[in-house]
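Peer 1: Here it is, the structure in full.
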Amino acid sequence: MDLVALATVQAIDTALDQARHARPRLAEVIEHQAAERDLLAVRAQIADIRRRQADAQRELDSVESSSAEIDTHRSRLERQMKTIISPREAEALQHELHALATRRGELDDRGLELLEASSAADEELAELSRAEERAADTEARAAERRGAAEADADARIAEMVVLRSTAVQGVSAADLAAYDRQRAASGGVAVTAIAHGKCGGCHMEISKSELDAIKRLPSDDVAECPSCGRWLVR
Ligand SMILES: [Zn+2]
């Protein structure tokens with residue numbers, strides 16, 4: 001097994017793994033996602049105010065129609081009043097008219113409240129619409145930066161894929177298949193080196209006698225880390 005050639009493939013694969021892991025975590029991606037959330041939040045606020053305004057308008061319509069009904073009722077009672085002779089009936093009518101006037105006054109107050117709230121909501125909407133414009137602008141610029149950063153990352157990944165296809169040319173299909181299995185079983189690192197007496201994959205110390213045994217292996221034998229089993233380039 002040509003471990004030196006596989007080590008080159010491994011170096012490219014490690015870089016590819018890192019680049020693919022980093023792509024969705026690019027600062028530009030995070031920044032754009034935040035800008036999207038901000039824009040959605042402003043739009044949700046606008047939708048909420050519009051919903052409340054629609055509710056208020058419905059209530060205002062109902063206040064106005066109730067007021068009109070009361071006015072009609074009052075006119076009728078006032079006409080009736082002119083034809084009444086009995087003081088008791090007159091008193092009852094007066095009482096009813098008084099109650100209607102009170103109710104009418106309450107409706108006027110509520111109508112006024114609703115109109116004031118509606119004009120405050122209009123002001124709030126105007127402000128939010130400016131905020132939405134700013135947030136949409138920020139989002140669009142962030143989307144542009146994200147697109148450029150992702151295109152850069154994709155170009156780097158594509159370059160590495162080309163490098164890899166060249167690097168695997170010298171490796172036999174059987175070795176490559178064994179490498180793929182070893183990589184899948186070893187968290188992506190199949191081939192590593194010994195650095196400062198430690199395995200580059202699991203970072204466990206390799207004892208002096210183990211090192212000697214590795215050195216004594218025939219040159220075409222694959223040395224393995226005694227702790228993790230990764231292949232060690234000599
Ligand atoms: Zn190891």
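Peer 1: By how many nm would the segment from L125 to E69 grow when fully extended, if each residue of separation counts as 0.36 nm and the alpha-carbon distance is taken off?
Peer 2: Stretched fully, the L125-E69 segment lengthens by 16.8 nm.
Peer 1: Once the mean 1/r over all distinct Cα pairs of the range 23-155 is inverted, what Kirkwood radius in angstroms do you read off?
Peer 2: 19.6 Å
Peer 1: Using only the alpha carbons of the range 173-233, what is the convex hull's orientation-averaged projected area in square nanometres?
Peer 2: Result: a mean projected hull area of 4.0 nm².
Peer 1: Further question: To the nearest 0.05, what FRET efficiency results for A213 and Q169 with a Förster distance of 35 Å applied to their C-beta separation?
Peer 2: Step by step, r from the Cβ atoms, then E = 0.60.
Peer 1: Taking the Cα centre of the range 173-233 as origin and charging only Cβ (+1 Lys, Arg; -1 Asp, Glu), how large is the dipole, in debye to the nearest 20?
Peer 2: With Lys and Arg at +1 and Asp and Glu at -1, about 160 debye.
Peer 1: Which three semi-axes in whole Å describe the equivalent ellipsoid of the range 133-221, each the square root of 5 times a Cα gyration tensor eigenvalue, listed largest first?
Peer 2: Values for the range 133-221, descending: 43, 20, 10 Å.
Peer 1: Oh, and also: Hey, any idea what the orientation-averaged projected area of the convex hull of the range 1-73's Cα atoms comes to, in nm²?
Peer 2: 7.5 nm²
Peer 1: Output the Kirkwood hydrodynamic radius of the chain, Cα pairs only, in Å rounded to one decimal.
Peer 2: This gives a value of 25.9 Å.
Peer 1: Find the centroid of the Cα atoms in the range 1-61 and in the range 184-234, then give the distance between the two in whole Å.
Peer 2: With the range 1-61 and the range 184-234 each reduced to a Cα centre, they are spaced 40 Å.
Peer 1: Also, quick follow-up: Looking at the chain as a GNM with Cα springs under 10 Å, which of T83, T192, T138 has the largest mean-square fluctuation?
Peer 2: Maximum among the listed residues: T83.
Peer 1: So if we plug the beta-carbon distance of R234 and E36 into 1/(1 + (r/R0)^6) with R0 = 45 Å, what FRET efficiency do we get, rounded to 0.05?
Peer 2: 0.30
Peer 1: For the pair A185 and E133, how long in nm is the line joining their label points, each one 7 Å along Cα→Cβ?
Peer 2: Going from the A185 label point to the E133 one covers 6.5 nm.
Peer 1: Tell me what the chain gives for mean residue ellipticity at 222 nm when only DSSP H runs of n ≥ 4 count, each as -39,500 (n - 2.57), the sum divided by the residue total, rounded to 500 deg cm²/dmol.
Peer 2: Only helices count here, giving -28000 deg cm²/dmol.
Peer 1: A follow-up question, please. Determine the gain in length on full extension of the stretch R43-I84; use 0.36 nm per residue of separation and subtract their C-alpha separation, reporting nm with one decimal.
Peer 2: Contour length minus the Cα-Cα distance gives 8.7 nm.
Peer 1: Moving to a separate point now. Could you work out the relative contact order of the chain? I mean the mean sequence separation of Cα pairs under 8 Å and 6+ apart, divided by the number of residues, in percent.
Peer 2: 33 percent
Here, each number is a calculation from the coordinates, and none is a lab measurement. Keep in mind it's a predicted model, so treat the numbers as computed, not measured. Note that we place each Cβ from the backbone using ideal geometry, even for glycine, and neighbour counts take in every protein chain shown.
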